[in-house]
Amino acid sequence: MEKNEKSPGKVCAIIVAAGESRRMDGKDKIMALIGGKPILAWSIEALQSSPKVDRIIIVNSRKNMEPVRCMVMDEKWGKVAEVCAGGKRRQDSVAAGLALASDCEWIIIHDGARPLLTEELIKRGLEAARETGAAVAGVPVTDTIKLAGDDGIVVETPPRKNLWAVQTPQVFRFDIIKEAYRQAVGEVTDDASLVEQTGRKVKIFPGSPDNIKITTPRDLSLAESLMKENDKQD
């Protein structure tokens with residue numbers, strides 16, 4: 001897609017929140033509280049308040065369907081059009097969301113376990129995606145990375161300047177991500193990987209070191225500390 005100055009078409013955000021929280025010591029991370037609100041609520045609020053987002057689809061685990069629907073009603077998040085059940089794999093959950101977003105031109109895919117989503121990240125993602133039709137948030141890798149074989153022997157040390165730690169949001173033109181999922185082979189944990197497999201170019205845009213993913217109980221306190229620091233700066 002050529003870069004142009006036309007205003008983007010309808011934008012739909014898919015929040016993926018159907019994970020099993022295996023490393024949370026029995027806690028359901030999506031419903032765990034940070035700053036007095038469920039983790040999932042923070043992402044929804046960021047997208048709800050963004051003037052660039054038209055619709056929100058929440059792809060949820062079956063056990064949380066009713067609590068999430070009640071939360072949406074109580075909070076009066078008017079942009080939330082659907083709360084649907086996810087699948088066994090992350091890509092199955094995204095596919096379920098895409099099936100409900102066929103009337104949108106642009107798709108933002110965001111992990112519900114990343115509560116520090118901001119308007120700036122949403123804006124950067126949409127702007128970057130207009131260049132190639134696909135864009136992902138990323139931060140430069142600061143550690144030296146070693147590529148090793150199954151035997152633990154180092155095979156290669158890739159140049160650090162070319163390495164990025166990828167985050168969400170990831171933004172795609174609808175037809176591009178839909179076709180990538182149609183052609184999907186094997187299991188992936190990153191939507192952009194499927195687009196890359198089709199031969200399409202994917203643009204990296206600046207993410208944020210604060211945009212962490214909640215994976216373990218320790219991450220809960222870290223996320224809350226980051227939120228408090230950001231509040232002080234504001």
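Bear in mind these aren't lab numbers, they're just calculated from the coordinates by the rules spelled out. Since the model is a prediction, treat every value here as computed from it, not as a measurement. Every residue, glycine among them, receives a Cβ derived from its backbone with ideal geometry; neighbour counts consider all protein chains shown.
Shape of segment 137-234 from the C-alpha gyration tensor: oblate (a/c of 1.5 or more and a/b not above b/c, with a ≥ b ≥ c the square roots of its eigenvalues). In terms of the Cα gyration tensor, with a ≥ b ≥ c the square roots of its eigenvalues, is segment 89-133 rounded because a/c is under 1.5, prolate because a/b exceeds b/c, or oblate? Judged from the Cα gyration tensor, segment 89-133 comes out oblate (a/c at least 1.5, b/c at or above a/b). If the segment from Arg69 to Glu196 were pulled out straight at 0.36 nm per residue, it would be longer than the present Cα-Cα gap by 42.3 nm.
Of the GluC sites (Glu not before Pro) found in segment 157-234, those in coil by DSSP whose Cβ has at most 11 other Cβ atoms within 10 Å are Glu187. Between Gln183, Gln167, Gln48, the residue with the greatest mean-square fluctuation in the GNM of the chain (Cα pairs under 10 Å linked by springs) is Gln183.
In this structure the amide hydrogen of Thr168, modeled in the peptide plane, comes within under 5 Å of the amide hydrogens of Asp111, none closer than 5 places in sequence on its chain.
Cross-link partners for Lys63 among the aspartates and glutamates, with Cα-Cα distance under 12 Å and sequence neighbours closer than 8 places in the same chain left out: Glu20, Asp28.
FRET efficiency for the pair Asp92 and Lys52, taken as 1/(1 + (r/R0)^6) with r the Cβ-Cβ distance and R0 = 35 Å, rounds to 0.80. Structure remark: mean-square fluctuation, Gaussian network model of the chain, C-alpha springs under 10 Å; the largest value among Thr157, Thr142, Thr198 belongs to Thr157. How big is the gap, in Å, between the Cα center of segment 64-104 and the Cα center of segment 126-152? Here the two parts' Cα centres lie 27 Å apart.
Once you order the gyration tensor axes a ≥ b ≥ c over the Cα atoms, which shape class does the chain get: rounded for a/c under 1.5, otherwise prolate or oblate by comparing a/b with b/c? Rounded shape, in that the Cα axes give a/c under 1.5.
Residues in segment 145-167, backbone N under 19 Å from the label point at Glu131 (7 Å along the Cα-to-beta-carbon vector): list them, ranges by number please. Label zone hits: 161-167. Estimated from helical segments only, the mean residue ellipticity of the chain at 222 nm is -10000 deg cm²/dmol, where each DSSP H run of four or more residues counts as -39500 (n - 2.57).
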